[in-house]
1. Scanning for something open to solvent by 20 Å² or more (accessible area, probe 1.4 Å), at pLDDT 90 or above and under 18 Å from the mean Cα position of the chain (by Cα), does the stretch 195-206 turn up at least one residue?
2. All but one of (1) at pLDDT 90 or above; (2) open to solvent by less than 50 Å² (accessible area, probe 1.4 Å); (3) over 27 Å from K156 (Cβ atoms) hold for R52, so report the exception by its number.
3. When the residues of the stretch 33-49 are filtered to those that are at pLDDT below 90 and surrounded by 15 or more Cβ atoms within 10 Å (Cβ to Cβ), which remaining residue is farthest from L149 (Cα to Cα)?
4. So which pairs qualify, if the first residue must be in the stretch 18-46 and assigned to a loop (DSSP other than H, G, I, E, B), the second must be open to solvent by 40 Å² or more (accessible area, probe 1.4 Å) and among the charged types (D, E, K, R), the Cβ gap must be under 7 Å, and the two must be at least 6 apart or on different chains?
5. Those residues that are open to solvent by 30 Å² or more (accessible area, probe 1.4 Å), closer than 19 Å to D32 by Cβ and at pLDDT 90 or above, I need them from the stretch 74-118; list them, please.
6. Hey, among the residues in the stretch 60-73 that are open to solvent by 40 Å² or more (accessible area, probe 1.4 Å) and modelled with pLDDT of 90 or more, which one's farthest from W160 (Cα to Cα)?
7. Within the stretch 125-145, is there a residue that is of a type in the set (V, I, T), in contact (Cβ under 8 Å) with a residue 60 or more places away in the chain and touching a Pro at 6+ places or on another chain (Cβ under 6 Å)?
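The values are calculated or read from the model by the stated rules, or taken from the named source; none is laboratory data. Because the structure is predicted, anything quoted here is derived from the model rather than measured. Because the Cβ atoms are built from the backbone with ideal geometry, glycine has one as well, and the counts that use them run over all protein chains shown. Ligands, DNA and RNA are excluded from the accessible area calculation, which covers all protein heavy atoms including side chains. Shrake-Rupley method; radii C 1.70, N 1.55, O 1.52, S 1.80 Å.
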Amino acid sequence: MLNFVLKGKIGSNGIASRVREEILSGKILFKDRLPSERVFTEIYSVSRGTVRAALKLLEAENLIEIRSGSGAFVSYDRSKNIISPIENANPLELIDARFALEPHVCRLITLYGTKQNFASLDKLAHEMEKSEDDPIEFASADTAFHTTLTESTGNKLLIWIISQITAVRGQAEWTKARNLTLNKETIKTYNSQHREIIEAIKSREPEKAASLMKNHLETARLSLTRASGT
């Protein structure tokens with residue numbers, strides 16, 4: 001059985017988060033088969049619907065492929081997708097790289113985003129707000145939120161670049177930083193900032209949305225800096 005399967009009840013975002021970390025870190029390899037839905041339900045004491053929701057999240061991120069009648073297989077080829085600078089980046093470098101890109105991502109969404117995109121962001125914001133007491137669930141929904149922001153631009157190059165940066169979240173150093181920084185107060189702050197960003201995007205205010213994203217990333221960077229003692 002794969003190492004990420006740990007006992008304890010957890011939601012779909014939490015299951016997705018654990019599997020994602022194992023895939024991006026290379027502990028689960030390209031073409032590996034994931035445990036069956038039945039195994040997931042037994043380990044985490046959840047319904048098959050919860051497991052399927054987790055697997056669909058991973059499939060939407062192009063990390064796995066769900067084959068009818070055969071199961072779920074890793075479709076993410078780490079050797080082809082992670083380049084050395086990304087692989088060796090630390091959490092603070094991740095934030096700095098995001099700072100260079102995500103404010104402009106917000107500008108693009110205000111120009112090209114659709115009502116369906118906005119509805120997806122609202123749904124993920126709700127998921128994060130329900131997870132104030134669960135850092136793992138919050139972190140998974142947060143990753144999906146920022147991924148959805150980029151995908152909503154429709155810019156394939158930006159989507160690819162951000163996917164490479166997001167791969168850092170699968171590293172052990174990022175997981176350690178997340179555990180040190182994500183408490184209820186910090187999650188509340190992030191949730192409030194996410195809502196402000198969404199409202200600016202929906203109001204079609206590009207510079208306001210970009211400014212709010214900068215503030216959000218500055219908050220995250222300060223939190224990481226304090227946690228690392230630098």
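1. Yes: the stretch 195-206 contains one or more residues that are open to solvent by 20 Å² or more (accessible area, probe 1.4 Å), at pLDDT 90 or above and under 18 Å from the mean Cα position of the chain (by Cα).
2. It fails just one condition, (2).
3. In this case the residue turns out to be I43.
4. Short answer, once both residue conditions are applied: G26/R78; F30/R78; S45/K9; V46/K9.
5. S75, the sole residue that qualifies.
6. Checked the stretch 60-73; the qualifying residue farthest from W160 (Cα to Cα) is S70.
7. Looking through the stretch 125-145, none of the residues is of a type in the set (V, I, T), in contact (Cβ under 8 Å) with a residue 60 or more places away in the chain and touching a Pro at 6+ places or on another chain (Cβ under 6 Å).
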